[in-house]
Amino acid sequence: GLAYFSEDNWKRIWVLALWFSICAGLFAWKFIQYRHRAVFDVMGYCVTTAKGAAETTKFNMAIILLPVCRNTITWLRSRTKLGVVVPFDDNINFHKVVAWGIAVGVGLHAGAHLTCDFPRLLHATDDEYEPMEQFFGEERPNNYWWFVKGTEGWTGVTMVVLMAIAYTLAQPWFRRNRLNLPKPIKKLTGFNAFWYSHHLFIIVYALFIVHGYYLYLSKKWYKKTTWMYLAVPMLLYACERLIRAFRSGYKSVKILKVAVYPGNVLSLHMSKPQGFKYTSGQYIFVNCADVSPFQWHPFSITSAPGDNYLSIHIRTLGDWTSQLKALFSKVCQPPSVNQSGLLRADIGKGENKPRLPKLLIDGPYGAPAQDYKKYDVLLLVGLGIGATPLISIVKDVLSNIKQQNEIEEGVKNKRKPFATKRAYFYWVTREQGSFEWFRGVMNEVAEYDRDGMIELHNYCTSVYEEGDARSALITMLQSLQHAKSGVDIVSG
C-alpha cells in the first residue's frame, strides 16, 4: 500500500517536504538568533517563538501568491519540462496548505506577543528594563494599551481580523452554501462572499509591509526583511493581474447560439477572438457584467481547436451560474422541430434579434487533460457535466479523423497529425436529459467515424425526470429491482 501511495503521490510528497523543511529552518534560525539577544532576558522563549513564527509567515505570505499565478503556471506547464516533477494540477491545494501554514504562524506570533511578551515587559523591574530602552524608549510603556495602539499593534490586529474573515468565508461549507443558515446570514456566504472577501488580501499585504517596517527590535533597514520576501511574488502577481485585465479587456465575444438543456445546463457558442489558440482540455474564464462586473469563473472549452467557434457548457449550481442561466433563458425561444434543447436562441440573420448579455473571456489556461495528443490510446471517463473537457478531446480526435480521410482523398493539410489511434469515451450521468447536452457531438461521431476509432459508452444511473409521473414509476421499479438483484434494469 505504501509503495502505491508514494508512487502515486511522490510529486506532492517532495514539494510538501521541501516547504516544511524551509519553514522549520527559518523558524529555527530566528529562534536561535533571538535566544542570544538582550530581549531574551526579559521576554524569554516567548519572544524567540514569536520571531521564529514571524519569519515563517513572511515566507508563506510570499509563496501563497505563486500557486494562483495562472498564466505563469500555464506557461510552465506548456513550455517547460517542469511538469514531470512539479504537480501543477495541485496548485489550489498547495495554496490551501500554505494558508494553513500562515494560520499557524500568525497564531504563534500574535499569541506569544499578546499573552506573554507585552505583559512581561510591563512587569519588568527598572534594572531589567534598562537594556530595553534603545528599543522601546526611555519612557517605559505604562500600560498594555500602549502596545495595541502603536503602529505594530493596530496593523497586526487588523490583519488578523481581515485574514480570519477571508479564511472563514473560503471554507467549503460557506463557499458552497452547505450550511442551513438563516436567510439574512446566508446572503453573506456563498461564492460571492468568498470572492469579495478574498480580495481583502490587498489591504492585508499593504498592512503587512507597514507592520514589518515599524519594528520595535530591529532599527536598521536591511534587517527589516519583510519587503525582501514579498518583492518578487508581489511583482509577479501584479503582472499577472495586469495581463488578465488587458487580455480580457478586448476579448469581448459575440454570442452565436444559446441553448438551455434539461438538467440545468446552459450551452453557449461564441465567436472565436482573433489569434485565440487553445488545445482541447483547456479552460477559459468568463465574465458577464450583467451578473457581476468583477467575477470571473472558469469553464472547460467544449469546442475543438479546429472549430470556427468557441463553446462552453455551464451547469447551474451556485449563485453566479443561476443568475447567468436566468439572464439567457429570457432571450431564448422554444426550439423548432429539428433542434435539441428546451429553449434556444440561434443568432442568425433574422429581424428580431434578442439583446444578449455581453460576455468577456480570458484564457486559455492549462489543464491536466491537455496532453492527450501524446498517447495512441485514450480512455476518457466523465461524470455528468465533468465530461466537458473530454467532449472537446473527442471532437478534436474526430476532426483529426476527417483530416486523415481528406489526406487520403488527396486534399493537402497543414495540421500535424497526432498519435491517437483509438479513443474510448465513457460517460456516466444521472438523468436521461443529460444526453441532450452533447447529442450533436455523438451524432457527428456516429456519422464520420467509419472505422470505429472512437467508441462511445453512455451510462444513465437514474431515469428520473422532474415532473414526469412515468419516470417516477420507473424509478421505483428500478430501485426495487436493484435491491433484489443488484443489477440496474435501465443501464444493465
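The values are calculated or read from the model by the stated rules, or taken from the named source; none is laboratory data. The model shown is predicted, which means the values in this text are computed figures rather than measured ones. In this analysis, Cβ positions are derived from the backbone assuming ideal geometry, glycine residues included, and neighbour counts consider all displayed protein chains. The protein model used for the area step is the full one, side chains on, heavy atoms only, and it has no ligands, DNA or RNA in it. Shrake-Rupley method; radii C 1.70, N 1.55, O 1.52, S 1.80 Å.
Can you confirm whether segment 483-492 contains a residue that is modelled with pLDDT under 70, over 30 Å from the mean Cα position of the chain (by Cα), open to solvent by less than 70 Å² (accessible area, probe 1.4 Å) and among the aliphatic types (A, V, I, L, M)?
Scanning segment 483-492, I find at least one residue that is modelled with pLDDT under 70, over 30 Å from the mean Cα position of the chain (by Cα), open to solvent by less than 70 Å² (accessible area, probe 1.4 Å) and among the aliphatic types (A, V, I, L, M), so the answer is yes.
Here is a list of conditions, (1) outside any strand (DSSP E or B); (2) charged (D, E, K, R); (3) open to solvent by 50 Å² or more (accessible area, probe 1.4 Å); (4) at pLDDT 80 or above, and GLU455 meets all of them except one; can you say which number that is?
Every listed condition holds for GLU455 apart from (1).
State all residues of segment 164-178 that are of a type outside the set (Ser, Thr, Tyr) and either open to solvent by less than 40 Å² (accessible area, probe 1.4 Å) or without any contact (Cβ under 8 Å) to a residue 40 or more places away in the chain (or both); if no residue qualifies, say none.
Passing the criteria: ALA164, ILE165, ALA166, LEU169, ALA170, GLN171, PRO172, TRP173, PHE174, ARG175, ARG178.
State yes or no: is LEU181 touching a Pro at 6+ places or on another chain (Cβ under 7 Å) and either farther than 24 Å from ASP319 by Cβ or surrounded by 14 or more Cβ atoms within 10 Å (Cβ to Cβ) (or both)?
In short, no.
If you go through segment 357-406, how many residues are in a loop (DSSP other than H, G, I, E, B) and open to solvent by 30 Å² or more (accessible area, probe 1.4 Å)? So that I can check it myself, show each step before the final result.
As a first pass, look at segment 357-406 and keep what is in a loop (DSSP other than H, G, I, E, B): 357-358, 366-367, 375-376.
Checking which are open to solvent by 30 Å² or more (accessible area, probe 1.4 Å) leaves us with 358, 375-376.
Qualifying residue count for the region: 3.
So, restricting to helices (runs of 4 or more DSSP H) that lie completely within segment 1-97, which ones have at least 2 residues that are of a type in the set (S, T, N, Q)?
Answer list for segment 1-97: 2-35, 45-63, 70-79.
For segment 337-356, give me the residue count where each residue is modelled with pLDDT under 80 and surrounded by 13 or more Cβ atoms within 10 Å (Cβ to Cβ).
Residues flagged as modelled with pLDDT under 80 and surrounded by 13 or more Cβ atoms within 10 Å (Cβ to Cβ) within segment 337-356 amount to 9.
Any residue at all in segment 142-163 that is in contact with a Cys (Cβ under 8 Å, 6 or more places away or on another chain), part of a helix (DSSP H, G or I) and either open to solvent by less than 40 Å² (accessible area, probe 1.4 Å) or in contact (Cβ under 8 Å) with a residue 12 or more places away in the chain (or both)?
No; the residues of segment 142-163 include none that is in contact with a Cys (Cβ under 8 Å, 6 or more places away or on another chain), part of a helix (DSSP H, G or I) and either open to solvent by less than 40 Å² (accessible area, probe 1.4 Å) or in contact (Cβ under 8 Å) with a residue 12 or more places away in the chain (or both).
With within 26 Å of GLU130 (Cβ to Cβ) and at pLDDT 95 or above as the only criterion, which of PHE31, PHE59 stands out?
Matching residue, one of PHE31, PHE59: PHE31.
Among residues belonging to segment 80-105 that are open to solvent by 30 Å² or more (accessible area, probe 1.4 Å) and β-branched (Val, Ile, Thr), point out the one that is nearest to CYS46 (Cα to Cα).
VAL104
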